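K.L.:
So that we are looking at the same thing, I have put the structure below in structure tokens.
We did not get these values from a lab; they are worked out from the coordinates using the rules stated. Predicted, not measured: the structure shown is a model, and the values here were computed from it. Counting neighbours? That spans all protein chains shown, and the Cβs are built from the backbone with ideal geometry, glycine included.
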Amino acid sequence: MIVYSDKCEKIFKNEISGIDKKLNELFAGKEPLSLYEPCSYFLKGGGKRLRPILVIASAQTVNGNLKHVFNAAVAVELLHNFTLVHDDIMDNSSKRRGRATLHTKYDLSTAILTGDSLIAQAYQNLLKDSKINVNKIVLTFTNTIIEICEGQSLDKEFETRNNVSIDEYKKMIYKKTAALLEMCCSIGAQLSGASQKYIKAVSNYGNYLGMGFQIQDDLLDIIGEENEFGKKIGNDLIEGKKTYLFLRALEKAKRKDKLELLKVIKNNGIKPNEVDKYKNLYIKLGVIQDAEHEIMKYTKLALKNLSILPNRDGKDLMIWLAKILINRKK
């Protein structure tokens, strides 16, 4: 498949510019300032804006009118930011995209209330575009929030469990990450009045893209550059998180290497000065390549689902997005 990257990049930047403008205006001049200034602060932190572009691209692939999904695209970005606010609280993170997190800059109560406001605003924007299939669209959106909460709960549970399988890990990242990307694609098609066959195809694309995206995130945590990645490198190991790379290393390791990995579980993480040691262990065990293979597998599965969709420009954009994501550095 030939993808005209310049054209796709231009479309992406144009659509995201509109989304950013809407997000920046959303809380301007609203009172009380004690609520809406933190909302604006967090949204101005930027981000990939992947989720809203998936709503737009999915609508385009089924010949939908992009103007009819714009508010829904804003809604999914608000939902995503709601999850980030609460993730930062649960993970006790001090930085997000190189800026102070809400509970650090303000206080815990303000951060919780900001998250609540973002999810309420998400529903408000979604309903602006929900002219057809309203119950189904709202149910899809709501069920995804439930999945995300379940995924976050599993993620926290895995931190205290000694034994987690790769299958359990994949179930967790589906719920925590891939379900949201799947929903973005689904509602883009649903709002466009697409057939069930097309809705299923774009939903599958979002699901597989999300799986590859999260494993790529796990990989970047150990091989990324901190100034590009925007987070401390090796932070997953420091916090004792059971990522794909860690679980795969545990599967493959023997004797001394296995004992080193089991220390991460026993000690609930490692010291920052040990990151390079474990990175070298990952390289030795070949789990960097295993992760890259998984990312490529899911990307190919995602792209396979695009073949039946009717709009060429929309498909090109979704192919371009997938390739951008597997080659990202942050």
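K.L.:
Return the lysines within reach of LYS300: Cα separation strictly under 19 angstrom, same-chain partners fewer than 8 residues apart disregarded; answer none if there are no such residues.
P.N.:
Answer for LYS300, where 19 Å is the Cα cut-off: LYS170, LYS200, LYS315, LYS323, listed by chain and number.
K.L.:
Another one. Under the definition of Cα pairs under 8 Å and six or more residues apart, what whole-number percent is the relative contact order of the chain?
P.N.:
21 percent
K.L.:
Would you be so kind as to identify which of LEU219, LEU261, ALA291 lies farthest towards the positive end of the dipole of region 218-330, taking Lys and Arg as +1 and Asp and Glu as -1 on Cβ and the Cα centre as origin?
P.N.:
LEU261
K.L.:
Mind checking the angle between helix 196-223 and the chain's longest principal axis? C-alpha axes, 0 to 90 degrees, to the nearest 10.
P.N.:
40 degrees
K.L.:
Using just the helices of the chain, give the 222 nm mean residue ellipticity in deg cm²/dmol: DSSP H runs with n ≥ 4 each add -39,500 (n - 2.57), and the total is spread over all residues, rounded to 500.
P.N.:
It comes out at -23500 deg cm²/dmol, rounded to the nearest 500.
K.L.:
What does the net charge come to around THR104 if you take all other residues with beta carbon closer than 10 Å to its beta carbon, with K and R at +1 and D and E at -1?
P.N.:
+2
K.L.:
Same structure again: Checking the table LYS44/LYS232; LYS171/LYS277; LYS242/LYS304 against a 23 Å threshold on Cα-Cα, which pairs fail?
P.N.:
Going by Cα-Cα distance, LYS171/LYS277; LYS242/LYS304 fall outside the 23 Å limit.
K.L.:
Arrange MET90, MET172, MET211 by Cβ neighbour counts within 10 Å, fewest through most, would you?
P.N.:
In order of increasing Cβ crowding within 10 Å: MET90, MET172, MET211.
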